[in-house]
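The values are calculated or read from the model by the stated rules, or taken from the named source; none is laboratory data. All of these numbers come straight from a predicted model, not from anything done at the bench. As a convention, Cβ positions derive from the backbone with ideal geometry for all residues, glycine included, and neighbour counts pool all protein chains shown.
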Amino acid sequence: MVQEENGVFPAVCPLDCPDTCGLLLHKENGRIVKVAGNPDHPITQGAICNKVRNMTERIYHPERVLYPLRRVGAKGEGKFERITWDEAIAEITERYQGLIKEYGSESILPYSFYGNMGMLSVDGMDRRFFHRLGSSQLQQGICNSAGNTGWKYTMGFGGGTSPEETVQAKLIIVWGGNLVSTNMHQIALIEKARKQGSKLVVIDVHRNRTGQRADWFIPVYPGTDSALALGLMHVLFEQQLVNEEFLQQYTIGHEQLREHVRQYTPERVSVITGVPTEDIVKLALMYGQTSPAYIHIGNGLQHHDNGGMTVRTITCLPALIGQWLVPGGGAYKSNGAYGKVNDDALECPDLRPNPDARTVSMNQIGEALLTLTPKIRALFVYCSNPAVVAPDTVKVEQGLSREDLFTVVHDLFLTDTARYADIVLPATSSFENTDLYNSYWHHYVQLQEPVIPAQGESKSNVETFKLLAEAMGFEEDAFKDREEDMIRQALNFTANPYLEGITLEGLKQQRFMKLNMEPKRQFLQRLTTPSGKIELYSARMEEAGLPPLPTYTPLQEGYDGERRPGTGDVYPLMFISPPNHNFLNSSFGNAGKHIELEKQPLLQIHPQDAELRGIADGDEVIVWNDRGRYQVKASVTDKMLPGTVVSQGLWWDQDGKSRRANALTSDRLADMGGGAVFFSTVVEVQRQP
Ligand SMILES: Nc1nc2c(c(=O)[nH]1)N[C@H]1C(S)=C(S)[C@@H](COP(=O)(O)OP(=O)(O)OC[C@H]3O[C@@H](n4cnc5c(=O)[nH]c(N)nc54)[C@H](O)[C@@H]3O)O[C@H]1N2
Ligand SMILES: Nc1nc2c(c(=O)[nH]1)N[C@H]1C(S)=C(S)[C@@H](COP(=O)(O)OP(=O)(O)OC[C@H]3O[C@@H](n4cnc5c(=O)[nH]c(N)nc54)[C@H](O)[C@@H]3O)O[C@H]1N2
Ligand code: SF4
Ligand SMILES: [Mo]
């Protein structure tokens, strides 16, 4: 049931952002005229970002896809004709049935990520459908999987310090994260802490918006953070700043670690990281002598060849000084595990006739489309835009161009990916749906109910996959469930004590309900490693062929102390392409206001590197390597150490101007979790002739 024509209605921000803000949608004559923050939300407290304040532009965008489309031009050309839903569903099921008969169900691959964080949308009816179909499975390693794996080897449970506590911290280290743009309410909490005398240290490869606010910004060479953390450990042990009692009681491997870190002297670490020796010592003393000390581990530093080990190494630091037992101390990488729902009930993996169906890495989609045997013959993309966000987009595009590939894209827009589709299906915005939301940062569960009707002929993911299931003749009850049934099933999960007391009825009344955080105080319960302790030495890592102790491993492409930029390598510059302030990954890359604010993609380049190449501020430059090219405007700045160039934002390429950063990035996988290595990229830059 959709709400009345006029009024103010509660909503949830659906975007892949840790804050998961509570919203209020103001409606006039049936249209949303204003998107505001909900002041009653205990964490987000009515403040929202500019991106979502301008969300109406996206919802009512003139280019929103409102009807099913069939391709009439060449793949990539973007020429389509309008068809009906009946025609679209009939064509898809006919193709799928034919492919299954001839090549088996694994010839079909779903491709999705968290374009909408609603659990029913991306971990719900869609999963049921592809399980029952017996499709190939997608390994979703594009975002945080390397780092989260490294964290879990060390700590077990995938949750750290609660946001509310961080205001008590006296020292806050933001390590490889740009929270001003990507987690604004954590910044609000940090500012509160600073008013009470806390210091903010930011460690990053460039002085991003967050670094610009820091009391101390420490620039590092990309991919060298584990060496820095090991250098800090060296000093902590040497200066006897470690908490021996905590190490004895709560950790295993501290004796081995003590020996192991002797080799990481500040002098050696300084050469590897670019951080002056005295700064390494100063930071170690600060960390060892300030309590509570909180480390916020960003996602950026784990998009590297060594990303899993980097997060694992930093995760060991609070244990050395016993900060896990201090309220406001400890560390955060993701708090997703606290709100874990009943995934089996939601996704119904038992419907799968072939539990051993092959798994394809979403980071290697281009390669998979081009070379995998037996071939992928059909691709169903939803809640993701691989032609822009996946590594090595030149290969992705070649794969998507295959004439014998049948591609369906379900989206709100004709994205760069959708232009290669055979069939495009129109998706609703989250404000048109019922869905359940968790945050991977704060502890509030939230409910979205439709505020406006589905625009045009758009349908939600749940509806779309139900229609497809019906047309495929899938008769299981799982495909008859309504949204509210699915929410009840998800919340019915006694295995997670944090979820106790959260119900659909409660959510309808209160809109946001806090997880039951009582068990958290029993810190030991959260150490779900095999030993039940913090594993400074991990036998499981050893079994997986990884160094069991925290270790620094240089990037495969790139440089450290031994191999400096500009010393004759073909591609002497490290290329970092993190998110920008006004887009959400590639979402909003087509919205007027958001583009107006970002203007155009820039390449931040150090004055030394610019001078060497005769590049002046404002010049159009070409960035290239063996994989592809990227055309941007140079911004000469000393925000990075020489040798690193930075370009923020995932831009659409529809004007044919080579505007995809991922044309340059590699589809290698990180050391853990099948993670992506976006930032382990080397390039050369020249002024556009
Ligand atoms: N405005 C906005 N907000 C977003 C997003 C967005 O696109 N726009 N995306 C959302 C998503 S999906 C995610 S995963 C999060 C990500 O948000 P964050 O956790 O903040 O991570 P990133 O922005 O990817 O990278 C953060 C920083 O890592 C730095 N970095 C790169 N390599 C290294 C390194 O080797 N060492 C160190 N120390 N730093 C390094 C980059 O320079 C960058 O400043 O943000 C979410 N929020
Ligand atoms: N170079 C480089 N590449 C990166 C990153 C980086 O920092 N640098 N970051 C990486 C990270 S951390 C991530 S998480 C990925 C993110 O990559 P994606 O998950 O692909 O994120 P978006 O680009 O936001 O694309 C989401 C799409 O889902 C659509 N969508 C939204 N809601 C719905 C819905 O309800 N139904 C359907 N069917 N569609 C919907 C949106 O319109 C949009 O086109 O990108 C990765 N790529
Ligand atoms: S994108 Fe993040 S900060 Fe902005 S409204 Fe959504 S949840 Fe809040
Ligand atoms: Mo992400």
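Values computed for the structure shown
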read-out	value
Where a residue in the stretch 241-254 is within 20 Å of PRO547 (Cβ to Cβ) and its partner, wherever it lies, is hydrophobic (A, V, I, L, M, F, W, C) and part of a helix (DSSP H, G or I), with Cβ under 6 Å and at least six apart	THR251/ALA319; HIS254/LEU247
Residue check, ASP435 within 24 Å of ARG511 (Cα to Cα) and acidic (Asp, Glu)	yes
Whichever residue in the stretch 388-443 is in a loop (DSSP other than H, G, I, E, B) and of a type in the set (Val, Ile, Thr) and, among such residues, is nearest to SER458 (Cα to Cα)	THR428
Residue that is farthest from ASN625 (Cα to Cα) [pool: residues in the stretch 653-671 that are in a loop (DSSP other than H, G, I, E, B) and within 16 Å of ligand 1 (Cβ to nearest atom)]	ASP671
Helices (runs of 4 or more DSSP H) contained entirely in the stretch 32-118, each with at least 2 residues that are β-branched (Val, Ile, Thr) and surrounded by 14 or more Cβ atoms within 10 Å (Cβ to Cβ)	55-59, 85-103
Matching entry among ARG613, ARG660 (being modelled with pLDDT of 95 or more and away from ligand 2 (no atom under 14 Å from the Cβ))	ARG613
Some residue of the stretch 184-200 being within 24 Å of the chain's Cα centre (by Cα), away from ligand 4 (no atom under 16 Å from the Cβ) and under 30 Å from THR265 (Cβ atoms)	yes
HIS26 being more than 16 Å from ligand 2 (Cβ to nearest atom), outside any strand (DSSP E or B) and of a type outside the set (A, V, I, L, M, F, W, C)	no
Residues of the stretch 190-209 satisfying the condition of being under 21 Å from ILE280 (Cβ atoms), buried (at least 21 other Cβ atoms within 10 Å of the Cβ) and in contact with a strand residue (DSSP E or B) (Cβ under 6 Å, 6 or more places away or on another chain)	LEU200, VAL202, ILE203, VAL205, HIS206
Residue check for GLU543: in contact (Cβ under 8 Å) with a residue 12 or more places away in the chain and surrounded by fewer than 20 Cβ atoms within 10 Å (Cβ to Cβ)	no
Every residue from the stretch 137-189 that is over 30 Å from LYS375 (Cβ atoms), within 16 Å of ligand 2 (Cβ to nearest atom) and surrounded by fewer than 21 Cβ atoms within 10 Å (Cβ to Cβ)	VAL180
Any hit, the stretch 279-295, residues being crowded, with 21+ Cβ neighbours inside 10 Å, closer than 23 Å to SER538 by Cα and in contact (Cβ under 8 Å) with a residue 40 or more places away in the chain	yes
Residue in the stretch 546-568 that is nearest to ligand 2 (Cβ to nearest atom), counting only those that are modelled with pLDDT under 95 and out of contact with any Asp or Glu (no Cβ under 9 Å at 6 or more places or on another chain)	ASP560
